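One structure below.
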């Protein structure tokens, strides 16, 4: 089945630094990928839609200059948290849609990245 | 996507059958119903999808009444490893439409 690889699985960074999270579709091409953020005991919150070759679409309230998204190829989207602060600490999850997938909308999720800003 | 309502939490003993019901009164004609499972510190994992009546796979069954305004995920003989959050999503498969998650149901399986 479709596999989405997310890296790193966890990262600790100092306040003020930037962190890049990668999301790769391993066995399919994804023109669209999605980024979510999840705080403890809460549901996934959609941050943005990443479109290959074009600008990402951000949800209301998500700072596009803080959460930089690049979707340079059909198999890779990256999320960079710039000038991270402790309140950015969260679990970040990416998702990609395999248009050839059947039975589940074709959506597959990465394993997530636990970001801790100290 | 149609709004969904699920119980916030459920408890069950090992070996029991667990039924989680999801209400989706505003489901559209072309909408499908999909359930995902999420373990702590992991991404959601697809469980089952259906449109009407009953769907069964190796993991679960999904029951959908004729009016499709609700659905029930049935997990047979749960084990401790089934402790997770279960999300019900309703919507049309569309190229650039992201999945929007509700609060989900936190299932705790007790030995």
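A few comments on the model shown:
- Footprinting exposure proxy for B:85, B:78, A:118 (fewest neighbouring C-beta atoms within 10 Å first): A:118, B:78, B:85
- In chain B, Cα pairs under 8 Å separated by at least six residues give a relative contact order of 38 percent.
- Residues B:81, A:83, sorted so that the one with the fewest Cβ neighbours within 10 Å comes first: B:81, A:83
- Size descriptor, Kirkwood hydrodynamic radius, that averages inverse alpha-carbon separations across chain A, Å: 14.2 Å
- Percent of Cα-Cα distances greater than 17 Å, calculated over region A:1-60: 55 percent
- Contact order relative to length of chain A, as percent, for alpha carbon pairs under 8 angstrom and 6 or more apart: 36 percent
- In this entry, region B:14-56 is assigned a mean projected area of 4.5 nm², taken as a quarter of its C-alpha convex hull surface.
- Average projected area [Cα convex hull, the protein assembly as shown], square nanometres: 12.4 nm²
- When the Cα convex hull of chain B is projected onto planes of every orientation, the mean area is 6.7 nm².
- Ordered by the number of other Cβ atoms lying within 10 Å of each residue's own Cβ, fewest first, A:95, A:89, A:77 fall into the sequence A:89, A:95, A:77.
The numbers here are math on the coordinates, done by the rules we state, and not lab data. Model, not experiment: these values are computed from the prediction. Positions of Cβ are generated from backbone atoms using ideal geometry, with glycine treated the same way; all protein chains shown enter the neighbour counts.
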